[in-house]
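Single-structure report; data block below.
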Amino acid sequence: MEIKKLGVIGSGQMGNGIAQVAAASGIEVIMSDIKEEFTAKGVANIKKNLERSVSKGKLEQSAMDTTLAKIKTTVNLSDMADADFVVEAAVEREDLKFKIFQDLDSICPAHAILSTNTSSIPIGRIAAKTKRPDKVIGMHFMNPVPVMKLVEIIRGLPTSDETFKITWDLSEKLGKTPAEANDFPGFIANRILLPMINEAVFCLYQSVGKPKDIDTVMKLGMNHPMGPLELADLIGLDTCLAIMETLYDGFKDSKYRPCPLLRKYVEAGWLGRKTGKGFYEYNK
């Protein structure tokens, strides 16, 4: 199946990144969100990323203009009616994703594949909310999308071989390296990553070390490009908490219990880079 138009649900840091790489690969993109101010901010971020590449000589101005021209925005989900493939990148809330997939199922053409960028919610659970479970799949991009090469592709129990192959091929067309994961809470990436981040938060909570020292140990001692607390701020502490709760609910294992300090930060609205304050403070 040729994917001529790709829909992206959500224009935040993941959604606009997915829209950018799809448009840069020559695919027509329609990016949706609930408010025009959100889609405008998403397009502005894409333009900023592309302008940075142009200024560094990595991209021609004409290529930037062509990429931007391929991205349309909307606040009406009904505009996904002619999308061949949709990537949902809304916030990590199960009830919201269920509603989006139910709506997309009734709006999108019968051949359309519906994928989710969920970090941890089981694909089969989402697929069950549609009448096309064989065409539902996980497509977990890494942040920041234009930079990170990995796409984790997660097959739900009903996902067809055809859907998997089309999604795998699309990932490669977007310049990404796909990796297959089975449908367990957290899949591969976040089942390994988030408990490490959570343990780093416990180290802070128990006064084992300060944020800078915890991150320095992991960067210089374990050769990680970012420390776990820096990375948590980049991901968003609300997203980190949601993933840990999904892991804890899914496995019923105490090793996945979210650190109380992580929950406190989220309740206080200290969500990381996107709010200007998390484990570190950021100048807006």
- Message: Can you confirm whether Thr159 is without any contact (Cβ under 8 Å) to a residue 60 or more places away in the chain, part of a loop (DSSP other than H, G, I, E, B) and closer than 20 Å to Gly124 by Cβ?
- Response: yes
- Task: Go over the candidates Ala112, Ala128 one by one and state the one that is out of contact with any Pro (no Cβ under 7 Å at 6 or more places or on another chain), under 26 Å from Asp84 (Cβ atoms) and surrounded by fewer than 19 Cβ atoms within 10 Å (Cβ to Cβ).
- Result: Ala128
- Task: Please indicate, with yes or no, whether at least one residue in the stretch 62-78 is in a loop (DSSP other than H, G, I, E, B), modelled with pLDDT of 95 or more, closer than 27 Å to Ile235 by Cβ and more than 18 Å from the chain's Cα centre (by Cα).
- Result: yes
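Sort out which residues of the stretch 17-60 are touching a residue at least 40 places away in the same chain (Cβ under 8 Å) and in a helix (DSSP H, G or I), and write them in order of number. Even if it seems obvious, please write down each step before you answer.
Filtering the stretch 17-60 down to residues touching a residue at least 40 places away in the same chain (Cβ under 8 Å) leaves 17-35, 49.
Across the stretch 17-60, the qualifying residues are Gly17, Ile18, Ala19, Gln20, Val21, Ala22, Ala23, Ala24, Asn49.
Can you report the number of residues in the stretch 117-147 which are aliphatic (A, V, I, L, M), closer than 26 Å to Asn45 by Cα and in contact (Cβ under 8 Å) with a residue 12 or more places away in the chain?
Filtering the stretch 117-147 down to residues aliphatic (A, V, I, L, M) leaves 121, 123, 126-128, 136-137, 139, 142, 145, 147.
Those still in the list that are closer than 26 Å to Asn45 by Cα too: 139, 142, 145, 147.
Okay, now just the ones that are also in contact (Cβ under 8 Å) with a residue 12 or more places away in the chain, so 139, 142, 145.
Residues meeting the conditions: 3.
Go through Gly272, Gly236 for me and flag whichever is more than 18 Å from Gly186 (Cβ to Cβ) and buried (at least 18 other Cβ atoms within 10 Å of the Cβ). Let's see the steps before the verdict.
Numbers: Gly236 fails: more than 18 Å from Gly186 (Cβ to Cβ).
The match here is Gly272.
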- Out of curiosity, is Leu234 in contact with a Lys or Arg (Cβ under 7 Å, 6 or more places away or on another chain) and of a type in the set (A, V, I, L, M, F, W, C)? yes
- Can you tell me which residue in the stretch 16-44 is nearest to Thr167 (Cα to Cα), limited to those that are buried (at least 23 other Cβ atoms within 10 Å of the Cβ) and of a type in the set (Ser, Thr, Tyr)? Ser32
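The values are calculated or read from the model by the stated rules, or taken from the named source; none is laboratory data. Since this is a predicted model, take the numbers as computed values, not measurements. No Cβ is skipped: glycine too gets one built from the backbone with ideal geometry, and neighbour counts run over all protein chains shown.
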